[in-house]
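Participant: Before we start, here is the structure in question, set down as structure tokens.
Just so it is clear, none of the values below were taken in a lab; they were calculated from the coordinates. In this text, all values refer to a predicted model and were calculated from it rather than measured experimentally. Cβ atoms come from the backbone with ideal geometry, glycine included; neighbour counts cover every protein chain shown.
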Amino acid sequence: MLIAGPASNVGKTSVTAALAWQCRARGGKVRVFKTGPDFLDPMILERASGHPVYHLDLWMVGEDACRNLLYEATQEADLVLIEGVMGLYDGKPSSADLAEKFGLTVLLVIDAQAMAQTFGAVAHGLATYRPSLNCAGVIANRVASPGHADLLAPSLPAEIPFLGYLARDEAAALPDRHLGLVQARELAGLDQRLERLAKALTLHCEVESFESANIGPSSRKTTTTLLKGHVVAVAKDDAFSFIYPANLDFLRAAGAEVIFFSPLENEPVPTHADAVWLPGGYPELHLERLSSNQQTLTSLRDHHRDDRPILGECGGMLYLLDSLTSVDGNSAKLAGLLSGDAQMQSRLAAIGMQSAEFPEGELRGHAFHYAKAECAEAPYAHGMQSQSTRDGEPVYRKGRLTASFIHFYFPSNPQAAAGLFRPQQAP
């Protein structure tokens with residue numbers, strides 16, 4: 001079942017997490033996916049489901065890979081949930097395209113605060129805009145009272161079931177900040193919040209049965225050993241945490257040994273690492289620590305001096321610059337491996353699917369950031385936006401260092417992804 005709504009921030013993650021927690025509480029096995037590129041919602045959904053949350057996107061992940069992921073989940077789980085992205089019909093491809101492609105039932109979530117009978121009109125539009133979609137019904141979120149719910153339910157057309165509501169409840173709310181929800185491991189009392197959501201769902205909602213999709217495996221499933229014998233060190237902590245589980249799977253399936261280190265804890269890059277991956281995250285929230293942790297910075301500079309590969313994505317790229325300045329004006333010196341500086345902004349600087357061309361082919365991913373970077377290095381290439389002819393994010397290469405605001409999805413092109421981590425670039 002795909003959980004979708006008219007826009008972002010309507011409660012899709014809360015409802016999806018509540019359904020997953022509820023299923024586990026009843027002794028069931030649940031697997032959860034996230035539509036489109038997102039790192040923060042999946043952290044919450046992983047806690048709720050007890051399993052890593054993989055991504056489904058017809059452009060970035062690909063239809064065959066999406067089919068295989070869904071098929072494998074249905075072989076072991078009693079319930080498979082997919083949280084949509086933005087509004088149901090937003091984007092190309094959209095959550096609706098995914099639902100239509102795989103015959104997924106759609107559960108609508110609508111933020112009903114400050115709304116009465118118009119609730120029915122919004123639900124009617126979502127459910128009927130594309131007649132091919134199978135709508136299981138609608139849940140109202142942020143409802144003020146039972147009396148408010150009594151106004152909402154009769155507004156729905158007879159063919160759209162009212163499945164219940166979740167009341168406004170700050171004790172169960174999932175707080176956010178720039179880029180999205182607060183990271184799961186930073187959120188105090190998350191399990192209690194999820195328990196509260198699941199209990200509210202049980203009390204006020206009736207989502208018991210729906211038609212299941214019949215999804216078979218794709219005939220195309222590739223494996224590779226392009227990184228056999230390589231050791232890839234991955235930065236992983238509260239500052240560097242935007243990691244697709246499928247990317248780690250790819251590295252291991254390609255034959256690499258994956259090890260982790262924490263720049264926040266001043267851990268050095270392991271000396272036996274052949275390559276380093278600095279994923280995105282929130283370096284701007286930890287500037288003082290990152291700047292003062294010289295052991296990590298020195299080891300990173302040594303790694304680069306030895307002409308060993310480094311990949312810096314978004315926050316990882318910011319860490320490689322000379323300096324980064326926060327929104328409130330605090331500036332810190334960082335690795336200095338890319339000549340340039342960056343400034344955090346209060347407004348979104350870029351969002352959207354992008355790809356980049358490397359010697360081994362096109363590698364797909366997305367960009368989503370609030371930073372503005374001024375880099376003295378000439379770009380190696382520019383990203384290509386999936387829905388625009390304008391240039392996307394610059395991609396920088398300096399020796400064996402590759403850096404960009406783009407978060408790459410490695411399985412989209414195994415050869416190109418492996419090329420980022422091999423000691424020698426392809427000719």
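Participant: I want the local charge near L401. Using Cβ-Cβ distances under 10 Å, sum +1 for each Lys or Arg and -1 for each Asp or Glu among the other residues.
Facilitator: +2
Participant: Run the numbers on the chain and let me know its relative contact order in percent, using alpha-carbon pairs under 8 Å that are six or more apart.
Facilitator: Worked out over the chain, it gives 13 percent.
Participant: Given points 7 Å out from each Cα along the Cα-Cβ axis, report the T105 to N134 separation in nanometres with one decimal.
Facilitator: About 0.8 nm, to one decimal.
Participant: State whether the chain is rounded, prolate or oblate according to the following rule on the C-alpha gyration tensor (a ≥ b ≥ c being the square roots of its eigenvalues): a/c under 1.5 gives rounded; otherwise a/b larger than b/c gives prolate, and the remaining case gives oblate.
Facilitator: Because a/c hits 1.5 or more and a/b exceeds b/c, the chain counts as prolate.
Participant: At 0.36 nm per residue, minus the direct Cα-Cα distance, what do A378 and D176 gain on full extension? Give it in nm, one decimal, please.
Facilitator: Length difference between fully extended and current span is 69.2 nm.
Participant: Considering the options G91, V143, L108, tell which one lies farthest towards the positive end of the dipole of the stretch 48-167, charges being +1 on Lys and Arg and -1 on Asp and Glu at the Cβ, about the Cα centre.
Facilitator: The residue sitting farthest along the positive end of the dipole is V143.
Participant: Okay, moving on. Give me the distance between the Cα centres of the stretch 289-367 and the stretch 26-59, rounded to whole Å.
Facilitator: About 27 Å separates the Cα centre of the stretch 289-367 from the one of the stretch 26-59.
Participant: Could I ask something else about it? Mind scanning K29/K199; K228/K372; K29/K92; K34/K236 and naming the pairs with a C-alpha gap bigger than 25 Å?
Facilitator: K228/K372; K29/K92
Participant: Given only helices, namely DSSP H runs of n ≥ 4 each adding -39500 (n - 2.57), what is the per-residue ellipticity at 222 nm of the chain, to the nearest 500 deg cm²/dmol?
Facilitator: Calculated from helices alone, the mean residue ellipticity at 222 nm is -8000 deg cm²/dmol.
Participant: Right, something else. Using a simple spin-label model with points 7 Å from Cα along the Cα→Cβ vector, what separation in nm is obtained for E288 and S8?
Facilitator: 3.0
Participant: Here is a follow-up. Pop the C-beta distance of T298 and R252 into the FRET formula with R0 = 30 Å and round what comes out to the nearest 0.05.
Facilitator: Efficiency at R0 = 30 Å is approximately 0.60.
Participant: While we're here: Could you line up T35, T296, T202 from fewest to most neighbouring Cβ atoms inside 10 Å?
Facilitator: Listing T35, T296, T202 from fewest to most nearby Cβ atoms yields T202, T296, T35.
Participant: With each pseudo-label sitting 7 Å past Cα toward Cβ, what's the R422-K398 distance in nm, one decimal?
Facilitator: Placing both labels 7 Å along Cα→Cβ, they lie 2.5 nm apart.
Participant: Another question, then. Roughly speaking, what is the stretch gain from A114 to H272, that is 0.36 nm per residue apart minus the C-alpha to C-alpha distance, in nm to one decimal?
Facilitator: 51.1 nm
Participant: Which FRET efficiency, nearest 0.05, do S326 and D169 yield, Cβ-Cβ r, R0 35 Å?
Facilitator: Using R0 = 35 Å, I get an efficiency of 0.60.
Participant: Moving on to the next point. With a cut-off of 8 Å between alpha carbons and a minimum separation of six or more residues, what is the relative contact order of the stretch 231-419 in percent?
Facilitator: Computed over the stretch 231-419, the figure is 19 percent.
Participant: Which three semi-axes in whole Å describe the equivalent ellipsoid of the stretch 231-419, each the square root of 5 times a Cα gyration tensor eigenvalue, listed largest first?
Facilitator: 22, 21, 14
Participant: So between D307 and A158, what do we pick up on full extension, going 0.36 nm a residue minus the alpha carbon distance?
Facilitator: Extending this stretch completely gives an extra 47.0 nm.
Participant: Mind sorting M353, M317, M344 by how few other Cβ atoms lie within 10 Å of their own Cβ, fewest first?
Facilitator: M344, M353, M317
Participant: Roughly speaking, what is the centre-to-centre gap between the stretch 137-210 and the stretch 82-103 when only Cα atoms are used, to the nearest Å?
Facilitator: 21
Participant: Same structure again: Among G27, G352, G36, which one shows the highest mean-square fluctuation when the chain is modelled as a Gaussian network with alpha-carbon springs under 10 Å?
Facilitator: Checking each option, the largest mean-square fluctuation is seen for G27.
Participant: Karplus couplings for the stretch 259-267 from phi (6.51 cos²θ - 1.76 cosθ + 1.60, θ = phi - 60°), rounded to Hz, Gly and Pro as x?
Facilitator: Karplus values, whole Hz, x for Gly and Pro: 10, 10, 9, 10, x, 5, 8, 6, 7.
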